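Quick notes on the structure that follows.
The values are calculated or read from the model by the stated rules, or taken from the named source; none is laboratory data. Computed from a predicted structure; not experimentally measured. Positions of Cβ are generated from backbone atoms using ideal geometry, with glycine treated the same way; all protein chains shown enter the neighbour counts. Accessible surface areas use protein heavy atoms only, side chains included; no ligands, DNA or RNA. Shrake-Rupley method; radii C 1.70, N 1.55, O 1.52, S 1.80 Å.
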Amino acid sequence: MDCPFRYERETLYCEEVPLADIAASAGTPCYVYSSKAILDRFHAYEDSLADIPHAVCYAVKANSNLGILALLAKAGAGFDIVSGGELYRVLKAGASPGKVVFSGVGKTAEEVEYALEQGIHSFNCESEPELALIDSLAGRLGKRARVALRANPDVDAVTHPYISTGLSEHKFGIDIKLVEAIYERARALRNIELDGVSCHIGSQLLDPAPVLEALDRLLALVDRLRAKGTEIRHLDLGGGIGVPYKRSDPAPDIAGFVREVRKRIEGRNLKLMLEPGRSIVAEAGVLLTRVLYRKTTPRKEFIVVDAAMNDLIRPSLYGSYHEIIPLRRRAAETITADVVGPVCESGDFLAKDRQIANVFPGDLLAVCTSGAYGFVAASNYNSRPRPAEVLVEGSQWRMVRQRETLEDLTRGESV
Ligand SMILES: *Cc1c(COP(=O)(O)O)cnc(C)c1O
């Protein structure tokens, strides 16, 4: 898949726009997303499934900016949400509620009611008490709720422990050995149409084999349920396909993965649903930052930049690697340094002991592969206004979120 960010001469571009132009006018720190990269990746899922019943439901939590949601809604995407707030966003972006699936282990009564009123496609339900709640609220509203139980297939996703979800020790889903009995008992619930199975085993999976293993286990479950007379019409395989953060990482092939899924599901009379998040937006985004200071201690070299852990928490939270490259490429000289932000925590870093261009105060850097789980996890820690977000389309770009102001910082507070 094409990388939307590339050097022309010595200048780094996003599509046809020099990133330095965006930094000059939008300021830093600033997230920049390529609409072409997002659409290319969405179509890598969508186009391989065009002739079978399916829905590619973008996982909103990876990047919930309205501009990106509207872009995907227009391209025909469905949406996977994990809160009432995300439902509000996708509706505001112009998505049809009938293409929305609601996942998550802790849905509140208010959220379930909101989703029922709007008429979403289905709930991925994670426990028997949640199923009872959906049934009673649907009854009160005079609706029938379509539901899939999220099975926990007990496969090891082989990823960072914080983003692995498919082992029996995790809070997610219902143990695949216990789930059949719940389908049986749920026949008594009159306001529920329990006609789906779902799972989501983790995130940043560079090898899709565990997802295919989970699919095999879900298909065996579908066979057992159908044999007992439960009609199952849709199967939701969740998201989780990873992206290469390092050049040495293998780059999962979305179309190849979808072909493998298709092979297993074709002819089984099941609508296939997928919930990709990271693999659609991660590589489409960078975080632009400006070098504030160089600082040398007896032990280390530091590059102090104006972006921090409150803007992009992944390095601090997971120890994740993001490549960092200059907006203006120069001669090959590099240094080894930590790239750190202004936040008052030793855990505030974007890179450690990194071989990096020898940059100086005022120089601009791009923190690569930051389109997923970047801005959405940004906070105001240290009373730092959250960054601007920009969407590029060819030679055009527009602000899809203003940088926060000082007034924004205290909105809703009082003395
Ligand atoms: C987070 C999440 C996703 C998306 O995962 P990615 O790794 O970003 O593809 C999909 N489904 C559910 C239920 C999730 O919680």
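Summary table below
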| item | result |
| --- | --- |
| Test: residue in the range 48-68 that is in contact with a helix residue (DSSP H, G or I) (Cβ under 7 Å, 6 or more places away or on another chain), open to solvent by less than 20 Å² (accessible area, probe 1.4 Å) and over 21 Å from ALA372 (Cβ atoms) | yes |
| PHE349 more than 16 Å from the ligand (Cβ to nearest atom), open to solvent by 80 Å² or more (accessible area, probe 1.4 Å) and over 19 Å from VAL32 (Cβ atoms) | no |
| Residues being outside any loop (DSSP other than H, G, I, E, B), closer than 18 Å to ALA44 by Cβ and within 13 Å of the ligand (Cβ to nearest atom) - total across the range 234-280 | 8 |
| Qualifying position, being out of contact with any Ser or Thr (no Cβ under 8 Å at 6 or more places or on another chain) and either not in a loop (DSSP other than H, G, I, E, B) or not assigned by TED's automatic domain parsing to the domain that holds ASP236 (or both), among GLU180, GLU169 | GLU180 |
| Any hit, the range 368-386, residues being over 22 Å from ILE303 (Cα atoms), open to solvent by 50 Å² or more (accessible area, probe 1.4 Å) and within 16 Å of the ligand (Cβ to nearest atom) | yes |
| Residue list for the range 69-93, filter: open to solvent by 20 Å² or more (accessible area, probe 1.4 Å) and aromatic (Phe, Trp, Tyr) | TYR88 |
| Looking only at the range 281-310, and only at residues there that are within 16 Å of the ligand (Cβ to nearest atom) and among the aliphatic types (A, V, I, L, M), the one that is nearest to VAL343 (Cα to Cα) | ALA282 |
| Out of VAL112, VAL100, VAL105, sole residue that is of a type in the set (A, V, I, L, M, F, W, C), away from the ligand (no atom under 14 Å from the Cβ) and either out of contact with any Pro (no Cβ under 8 Å at 6 or more places or on another chain) or open to solvent by less than 10 Å² (accessible area, probe 1.4 Å) (or both) | VAL112 |
